[in-house]
2 protein chains.
Amino acid sequence: MSNTIYFTPGPAQLYPTVASHINNALLEDIASISHRSKKFHEIYRHTDSQLRELLGLPADFFISFTGSATEIWERALQSLVIEHSYHLVNGSFSKKFHSFAKELGKKPQKLEAEFGKGFFHDDVKIGNEIELVCATANETSAGVYTQESTLVEIKRKNTDALLIVDAVSAVPFSDFDWDSIDSILFSVQKAFGLPAGLGVWVYNQKCLQKADKVIKEGCNTGTYHSLLSLYENTLKYETPETPNVLGIYLLGKVAEDMNKIGKKNLRSQTLEKAKMMYQFLEKNDSYSAFVKEPLHQSPTVIVANTSKSSKDVIAKVIANCELPISLAIAFLILNN
Amino acid sequence: MSNTIYFTPGPAQLYPTVASHINNALLEDIASISHRSKKFHEIYRHTDSQLRELLGLPADFFISFTGSATEIWERALQSLVIEHSYHLVNGSFSKKFHSFAKELGKKPQKLEAEFGKGFFHDDVKIGNEIELVCATANETSAGVYTQESTLVEIKRKNTDALLIVDAVSAVPFSDFDWDSIDSILFSVQKAFGLPAGLGVWVYNQKCLQKADKVIKEGCNTGTYHSLLSLYENTLKYETPETPNVLGIYLLGKVAEDMNKIGKKNLRSQTLEKAKMMYQFLEKNDSYSAFVKEPLHQSPTVIVANTSKSSKDVIAKVIANCELPISLAIAFLILNN
């Protein structure tokens, strides 16, 4: 791997073990096996079980794979919404999730926060007609975090609606309360440090019941990647199409590596690094945290305002290591 | 790589240069670059230009990427059909393409051949209402080939309908007449010998005009992967979502390797190997070609009937090399 430092919140630098896992995959001919073979079932089962451990996922949740997290925005809206979704919008990713609902002919509602601001549960008023609440755990474009406890409160006040959380760049850091969340989605090129090209969709029984109802209402839920089609295949540790087998294999291996470190340690190390980064921004006159509210400051994507041009800052950082660059998962410099 | 021999028509053994291209990709940090970066534009442009050379593709065709060929069945039906598609069905893959149209609420028609049989252009009678003719160049499940000249004749008789060809396991062997074909789709884990997780969609201006019309008719064409969304991004050498960057990179590299051998040589070598395989099947009493009509016998996926159980045959082949196993791209043994 090169020593290039990317000042973007992902795709991240590859996780240190990825290269050796890829070499093993080549030795084991992983890329040539059939996705209906016993060997593939074992790979799927392994990735499923390692992710369950890492996410603390209960047995009544299921894990399916798609081409990207972006794809899951579309598939979730198709399979889980007859008409009314509700979107917490606080950056370009959550905005796109909302726009997908419009493009699909749904009637989405939204609560929009100013760029760099987040949500408290009291801000969120959801009508009885809402079928799916779409939240973003970590708005990558702004470095704004939604506290796990906020998600719990949103669900507590709106138990009839399903809650889906875009968890890109939040997992495996986030510690979700699975009694309050019905579904999460994420990609693997951010906090897992894996090559892009794989989306992961986690969902519970309530989502399946809803998908059934959506079909009975005559809504079009797509074909091979409708939730029910994914689920039927997942039960056999299979996928409807030939999937990114190598990606699923690598995700299982990296999740296993992370489980060896332990979720608790991963969380505390990330929090510690983030604390140092935010302290640096606070103490140094040339920088300030873009997100002011401490509860909404992301521990995984740290965004800074700079008084100098970001290009100059990046050049200086690389040359002189003025900033503790190795400390945070990602550091996005604004004012570009 | 292991020396396992797979008696399936794909995912194929990796192309011999893939492992070294993967190592280079790791050294160059390909998996960590942004899909909005100049570096990614260069990768996309390289893959695009190598594929153009390999396919002999005219400048007025465009190349976009999806998660799988399966996905393109869905996207093509969404973006290119208001109501009426027509499907040439002669195996499980073409059957699924037809069933996708039903699932999407279209009104598909089909011409179905017996398993192991193919089509001559005289068989195909298409009504004026048909908007999209869906053919399969090489029906992987049966080893049945549709001659390029047959596709030309089908188009000649139905110039108003668009012709899309599922070219999985046919490219880069097939020598398509681009005046007669409006679109092809394929995946990379078969005749390109690449890891799965990437679909390639090739389409011309007429497809774009049709997609525009389909939207104006109020049809739902999906979101980020509608044809027009893919096209807009393709013009910038980008993709709507973070794609399988590594897969796009590897496809460009392997296409370049194949261009060095030359399309003509690839074709003649494949035809020569196939000829030897079919001659073996004909001469040996224990085997016979599953596809009887020589014009429909696939040069890339060779299917044999066996008098003994296929399990025993495979074991014997592996132990004794009774069959010239290294000669064909794939050899699928029926009677399993």
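The values are calculated or read from the model by the stated rules, or taken from the named source; none is laboratory data. Computed from a prediction, not measured in an experiment: that's the story for all the values here. Methodologically, a virtual Cβ is constructed for each residue, glycine included, from the backbone with ideal geometry; neighbour enumeration extends over all protein chains shown. Ligands, DNA and RNA are stripped out before the accessible areas are found, and what is left, the full protein with its side chains, is counted by its heavy atoms. Shrake-Rupley method; radii C 1.70, N 1.55, O 1.52, S 1.80 Å.
Only one entry of B:Lys96, B:Lys102, B:Lys39 meets the criterion of being under 19 Å from the mean Cα position of the chain (by Cα), under 27 Å from A:Ala69 (Cα atoms) and free of Cβ contacts under 8 Å to residues at least 40 places away in the same chain, and that entry is B:Lys96.
Take the conditions farther than 26 Å from A:Tyr203 by Cβ and either open to solvent by less than 20 Å² (accessible area, probe 1.4 Å) or not assigned by TED's automatic domain parsing to the domain that holds A:Trp178 (or both) and apply them to A:Ala69. Does it pass? No; evaluated as a whole, the condition is false for this residue. Of the residues screened, B:Ala167 is one that is more than 12 Å from every other protein chain (Cβ to nearest Cβ) and crowded, with 22+ Cβ neighbours inside 10 Å. Residue count for the range B:206-237 under the criterion of being within 13 Å of another protein chain (Cβ to nearest Cβ), in contact with a helix residue (DSSP H, G or I) (Cβ under 8 Å, 6 or more places away or on another chain), open to solvent by 20 Å² or more (accessible area, probe 1.4 Å) and within 16 Å of B:Phe62 (Cβ to Cβ): the result is 1.
Within the range A:230-260, being within 18 Å of A:Glu53 (Cα to Cα) and without any contact (Cβ under 8 Å) to a residue 24 or more places away in the chain holds for one residue alone: A:Lys260. Given (1) part of a helix (DSSP H, G or I); (2) surrounded by 24 or more Cβ atoms within 10 Å (Cβ to Cβ), where does B:Pro195 come up short, assuming only one miss? If we test B:Pro195 against (1) part of a helix (DSSP H, G or I); (2) surrounded by 24 or more Cβ atoms within 10 Å (Cβ to Cβ), just (1) comes out false.
Listed by first and then second residue, the pairs with beta-carbon distance under 9 Å, at least 6 apart or on different chains, first residue in the range A:17-28 and at negative phi, second part of a helix (DSSP H, G or I) and open to solvent by 70 Å² or more (accessible area, probe 1.4 Å), are A:Glu28/A:Lys39.
So, in the range B:88-125, exactly how many residues are more than 14 Å from chain A (Cβ to nearest Cβ) and open to solvent by less than 60 Å² (accessible area, probe 1.4 Å)? Number satisfying all stated conditions: 12.
The one condition from (1) more than 11 Å from chain A (Cβ to nearest Cβ); (2) within 30 Å of A:Glu28 (Cβ to Cβ) that B:Ile63 does not meet is (2). Within the range B:3-52, being away from chain A (no Cβ under 11 Å) and basic (Lys, Arg) holds for B:Lys38, B:Arg45, B:Arg52. Does A:Leu246 satisfy the criteria of being of a type outside the set (D, E, K, R), crowded, with 20+ Cβ neighbours inside 10 Å and not in a loop (DSSP other than H, G, I, E, B)? When the stated conditions are applied, A:Leu246 passes them. Might you let me know whether the range B:306-327 holds any residue that is at pLDDT 90 or above, open to solvent by 10 Å² or more (accessible area, probe 1.4 Å) and among the charged types (D, E, K, R)? The answer is no, given that none of the residues of the range B:306-327 is at pLDDT 90 or above, open to solvent by 10 Å² or more (accessible area, probe 1.4 Å) and among the charged types (D, E, K, R). Filtering A:Gly105, A:Gly143 for residues that are farther than 30 Å from A:Met277 by Cα and not hydroxyl-bearing (Ser, Thr, Tyr) leaves a single hit, A:Gly105. Checking the stated criteria, A:Asp160 turns out to be in the same structural domain as A:Gln50 (by TED's automatic domain parsing), closer than 30 Å to A:Thr223 by Cα and of a type in the set (D, E, K, R). Output yes when any residue across the range A:43-60 is small (Gly, Ala, Ser) and either open to solvent by less than 20 Å² (accessible area, probe 1.4 Å) or more than 25 Å from the chain's Cα centre (by Cα) (or both), and no when none is. No - not one qualifying residue is present in the range A:43-60. In the set (1) out of contact with any helix residue (DSSP H, G or I) (no Cβ under 6 Å at 6 or more places or on another chain); (2) more than 7 Å from chain B (Cβ to nearest Cβ); (3) closer than 24 Å to B:His98 by Cβ, the condition left unmet by A:Thr242 is number (2).
Please verify whether the range B:72-82 includes one or more residues that are open to solvent by 10 Å² or more (accessible area, probe 1.4 Å), more than 10 Å from chain A (Cβ to nearest Cβ) and in contact with a helix residue (DSSP H, G or I) (Cβ under 8 Å, 6 or more places away or on another chain). Checking the range B:72-82: at least one residue is open to solvent by 10 Å² or more (accessible area, probe 1.4 Å), more than 10 Å from chain A (Cβ to nearest Cβ) and in contact with a helix residue (DSSP H, G or I) (Cβ under 8 Å, 6 or more places away or on another chain).
Consider the range B:126-151 and keep the residues that are over 27 Å from B:Ala304 (Cα atoms) and open to solvent by 40 Å² or more (accessible area, probe 1.4 Å). The one that is nearest to the other protein chains (Cβ to nearest Cβ) is B:Glu129. Checking the structure you have, find out if any residue of the range A:271-284 is within 14 Å of another protein chain (Cβ to nearest Cβ), within 18 Å of the chain's Cα centre (by Cα) and not small (Gly, Ala, Ser). Checked against the condition, which is being within 14 Å of another protein chain (Cβ to nearest Cβ), within 18 Å of the chain's Cα centre (by Cα) and not small (Gly, Ala, Ser), the range A:271-284 yields no hits at all.
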